[in-house]
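The values are calculated or read from the model by the stated rules, or taken from the named source; none is laboratory data. Bear in mind the structure is a predicted one, so any value in this text is a computation, not a measurement. Here the Cβ positions follow ideal geometry from the backbone for every residue, glycine too, while neighbour counts run over all protein chains shown.
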Amino acid sequence: MPRKHRRRQLNENALNSQSLDELKQIFGESTDLLIRPFPGGHVVYLRTQIDQVRLEETVLERIRHGFQLDRISSAYVLPVHTFAQATQEVLDGSALLVVDGQQEAYAVRINLTEHRAIEEPSTESVIRGPRSGFTEELDLNLYLVRKRMRTPSLRVEEQIIGEITRTRVALLYEEGIVEPNLLREVRSRLQTIKIDGVLESNYIEELIQDSPFSMFPTIQNTERPDVVAGALLEGRVALLVDGTPFALVMPLTFWGALQASEDYYSHYTIATAIRWIRFTFLFISLLFPSIYVAITTFHQEMLPTNLLLSVAAAREGSPFPALVEALLMEVTFEALREAGVRLPKPVGQAVSIVGALVIGQAAVEAGIISAPMVIVVAITGIASFTIPRYNFGYAMRLLRFPIIILAGSLGLFGIVVGLMLLLIHLCGLRSFGIPYLAPLAPLSLSGLKDVLVRVPHWMMRSRPRQVGKRNLQRMPAGQRPAPPTPHAEGGGEAE
Amino acid sequence: MEKIGSFQFASLMVLFQIGSYVIFGFASSAKQDAWLVALVSTGSGLVLALLYTKLYRLHPGLDMVGVFRRSVGALLGNALGLCYVGAFVYVSGRVLRDFGTLINTFALPTTPLVVIMLLLLVVSFVGLQAGGEVISRFALFAWFVFGLFVVAQSLLLLGSDVLDFRFLLPVGHERQEILKSLVPLGITVPFGENIAFLMMYHQLQDQRDLNAVVFGSVGFAGLLLTWLNVLGVTTLGPTLYARTVYPLLTTLQQVTISDLVENLDVLVVLYIGIAAFIKITVFLYAASLGTASVFRLHDYRVVLIPLTVLVLMLATYMSQSVSEHVFIGLQWVPWVLWVPLFILIPSLVYIVGRLRGGGRPDAEETQATTTERERA
């Protein structure tokens, strides 16, 4: 787009035929740019961006007998003065009315509102809980959030990021809860972004996260409006990006990455138990193959004799050392998983059959891979699916490999070294100023009520201290349900 | 300057003090009275902790070298500071060697010693590069793991039906032996080693918690040592307990639960790895902070690489064999290094500093300005 046109006034000296030519030039004679005369002026629009029926009904029909602003029945009519404004409006789906002899043009927004239906998000499905997920349309997503938080203190700040894609990015926060420092930090990080295009929220995520080299996500992404609303209620900040159903929520802690939205929709005892299962399986998904390799290679005496005998018998036929076997199988499993995502749906079944039969049974029967290894890999694979945040699971999947190598070369000591390095890394991570392992390290006792357990809602009286310390109280005390006992009730009625 | 929260500081101190036990045990030569020695030395440890905090309160807000400089003059203070730096590096190397030898003996007999030591030192280096705050958070996290292990160890030993509390009798039967293990080793290690934390007292975020953190962690560590000693003696019996080089390991080897859980000694690697790591790292941290303070460097990380290499060299060339290593550690080092450095010099410095007017009430008020002057 030639820059010199940007600042120029439209209709300079009311020479409108010339400004129409310039508009045409800005769009480089694109075939979908239409300029159609009406009595007393011209209407300029992109055929592909507007709703033709609405153009006819709300604009053309009304100005058939000459332009009159108050006859146009559209909620969005904006006077436009510069070429930059005019082009942007046309791109956004407005019909631009250039009226002869007037200094300003009028943009009437009649854009196409095609979007897919609100569906259940496939990455974060729940058994109990709302089924609606974000779509690719920013306005629809904002509607989904606003519908859940019907308060004027929900603030939406919109900005445009991307020189070419000019993507709309909306910053959401709850005024009165959000920590001003956090908000300032997010805003200033967003302002520093200079990029040609934003096609997905990950572009933004990678440009504003705290530790660009860390594998662990310090910004949460979610497809669920209820997760966004929950985060805003805790005093966190959300970013919705036009064109993707994945919203960003920040800051994110290690423990936050292990919480699922359903934790809050199911009974707290179950939620707590399931959280612990997740913690356990997090370790299994990270360490199980390495522990197997370490024990079978270096510390066979740790196994009970009977188990040792059966493992040794199973491993007898395998030509590879346990380390090689583990790496082979893990890589194969990851490949199967990747293939399952990429393959066209009808072929998917073929892959699972090939995976189950060839990798599982045939490889063992042929004596290439030992049977215990298949079990180990299968359990590890299942364990990695218990992590609720998909991108957090990536880190675990990837870190498994260096730890397997450490275990294969140095046994349990290697695993310990790997774990210590990992823990040091995690201790040093921050997400928008908040330590990643908070509230466990550094310790904040009141924060543990939503980390190690999920206390009932009537006990969750305060917000997490790290993000919500400005307005800590979530609900007043004494909310524990205490219905009158039948006996006392009966007594009351008798009186 | 980095600030460390109270919980983190306390867990760092507790792990640090337990660290020595985990490898070589504590006062095991006192046989069934080892727990008694542990209790008594906890008492002396509290006295030492009092001395160190008093020393710190002479000039609060300063690190150890700063306190020395202000108490006995810049030249002598710096010289003393360098002595301590040297000692910390040496002890760091000793612990590294202890650890390396143990792993080499029990877990990885064919791996070269230097590889094992190098790996652990790399972890230390990475941690210190990330900073004291990160190390202290690590300690807090590690403490949960460690606590879990102590509980699990106790339960497993109870469940294995190997404990015999009659081994503890008669109480205090060899006074000579008790005294021998108490002086000088029992009173200097691990509680005298706490002097390394004098380099970090000023990093405690909430200075009002200092007493609670220091005395609480010394007391807690002492009780834990007492319990571990009781557990060890009742499992192994007094003679074997006194004779084994690695009491904790030998104790854990006795765990047998219905042929399913046995030979847990390798799991001790985790235990020991954490403890040794904390110990090495704290000493290395104290040494680099001290060097930075003596030479007025802004960031201790500048001297981290040379000091780390020095620790590795020391650990490698320190001694020819395990016996030599243990002999030097038990017979020479306590008298030559620990008694003067942990008891005599701090006491002298405290007396001199007191006479020269440190620790007055107004000293605390001018804390901020003195810190700045020291830095300038």
So, residue A:359, is that one assigned to a helix (DSSP H, G or I) and at pLDDT 90 or above or not? no
Can you say whether residue B:320 is surrounded by fewer than 23 Cβ atoms within 10 Å (Cβ to Cβ), of a type outside the set (D, E, K, R) and within 14 Å of chain A (Cβ to nearest Cβ), as far as the supplied structure shows? no
Top-ranked residue in the range B:120-148 [being over 27 Å from residue B:224 (Cα atoms) and touching a Gly at 6+ places or on another chain (Cβ under 8 Å); ranked as farthest from the other protein chains (Cβ to nearest Cβ)]: B:131
Can you confirm whether residue B:92 is polar (S, T, N, Q), away from every other protein chain (no Cβ under 14 Å), over 25 Å from residue B:334 (Cα atoms) and touching a residue at least 12 places away in the same chain (Cβ under 8 Å)? no
Going through the range A:426-438 one residue at a time, which ones are more than 14 Å from residue B:142 (Cβ to Cβ) and not β-branched (Val, Ile, Thr)? A:428, A:429, A:430, A:431, A:432, A:433, A:435, A:436, A:438
For the range B:294-306, check the following and say yes or no: at least one residue is touching a Gly at 6+ places or on another chain (Cβ under 6 Å), at pLDDT below 95 and either more than 14 Å from every other protein chain (Cβ to nearest Cβ) or not in a loop (DSSP other than H, G, I, E, B) (or both). yes
Only one residue in A:271, A:326, A:257 is outside the structural domain of residue A:374 (by TED's automatic domain parsing), crowded, with 19+ Cβ neighbours inside 10 Å and part of a helix (DSSP H, G or I). Which one? A:257
Can you tell me which of (1) within 26 Å of residue A:281 (Cβ to Cβ); (2) surrounded by fewer than 20 Cβ atoms within 10 Å (Cβ to Cβ) is the one residue A:190 doesn't meet? (1)
Residue by residue through the range B:4-38, note down the ones that are over 13 Å from residue B:233 (Cβ atoms), outside any loop (DSSP other than H, G, I, E, B) and either in contact with a strand residue (DSSP E or B) (Cβ under 9 Å, 6 or more places away or on another chain) or of a type in the set (Lys, Arg) (or both). B:4, B:6, B:9, B:12
Scanning the range B:1-21 residue by residue, those away from chain A (no Cβ under 12 Å) and touching a Pro at 6+ places or on another chain (Cβ under 9 Å) turn out to be B:16, B:17, B:18, B:19, B:20, B:21
Which count do you get for residues in the range B:253-273 that are within 27 Å of the chain's Cα centre (by Cα) and among the hydrophobic types (A, V, I, L, M, F, W, C)? 7
Considering residues of the range B:227-254 that are assigned to a loop (DSSP other than H, G, I, E, B) and surrounded by fewer than 21 Cβ atoms within 10 Å (Cβ to Cβ) only, the residue farthest from the other protein chains (Cβ to nearest Cβ): B:237
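Yes/no per residue for (1) modelled with pLDDT under 85; (2) of a type outside the set (A, V, I, L, M, F, W, C):
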position: A:20; (1), (2): yes, no
position: A:29; (1), (2): yes, yes
position: A:33; (1), (2): no, no
position: A:36; (1), (2): no, yes
position: A:40; (1), (2): yes, yes
position: A:45; (1), (2): no, yes
position: A:54; (1), (2): no, yes
Those residues of the range A:435-466 which are more than 13 Å from chain B (Cβ to nearest Cβ) and outside any helix (DSSP H, G or I) amount to A:453, A:454, A:455, A:456, A:457, A:458, A:459, A:460, A:461, A:462, A:463, A:464
Scan the range B:72-79 and give yes if some residue there is of a type outside the set (Gly, Ala, Ser) and either buried (at least 22 other Cβ atoms within 10 Å of the Cβ) or closer than 18 Å to residue B:276 by Cα (or both), otherwise no. no
Within the range B:255-271, the residues that are β-branched (Val, Ile, Thr), facing chain A (nearest Cβ under 10 Å), over 12 Å from residue B:149 (Cα atoms) and surrounded by 20 or more Cβ atoms within 10 Å (Cβ to Cβ) are B:266
In this structure, does residue B:57 turn out to be charged (D, E, K, R) and buried (at least 21 other Cβ atoms within 10 Å of the Cβ)? no
Test set (1) within 12 Å of another protein chain (Cβ to nearest Cβ); (2) buried (at least 22 other Cβ atoms within 10 Å of the Cβ); (3) of a type in the set (A, V, I, L, M, F, W, C) - residue B:286 fails condition number: (1)
Does residue A:211 satisfy the criteria of being of a type in the set (Ser, Thr, Tyr) and under 26 Å from residue A:382 (Cα atoms)? no
Count - residues of the range A:78-129 that are of a type in the set (Asp, Glu) and at pLDDT 85 or above: 5
Give me the pairs, please: first residue somewhere in the range A:415-429 and more than 8 Å from every other protein chain (Cβ to nearest Cβ) and without any contact (Cβ under 8 Å) to a residue 40 or more places away in the chain, second residue anywhere and charged (D, E, K, R) and crowded, with 23+ Cβ neighbours inside 10 Å, beta-carbon distance under 8 Å, and either six or more positions apart or on two chains. none
Test: residue in the range B:83-104 that is over 17 Å from residue B:196 (Cα atoms), touching a Pro at 6+ places or on another chain (Cβ under 8 Å) and of a type outside the set (Asp, Glu): no
Could you check how many residues of the range B:202-213 are assigned to a helix (DSSP H, G or I), surrounded by fewer than 24 Cβ atoms within 10 Å (Cβ to Cβ) and in contact (Cβ under 8 Å) with a residue 60 or more places away in the chain? 7
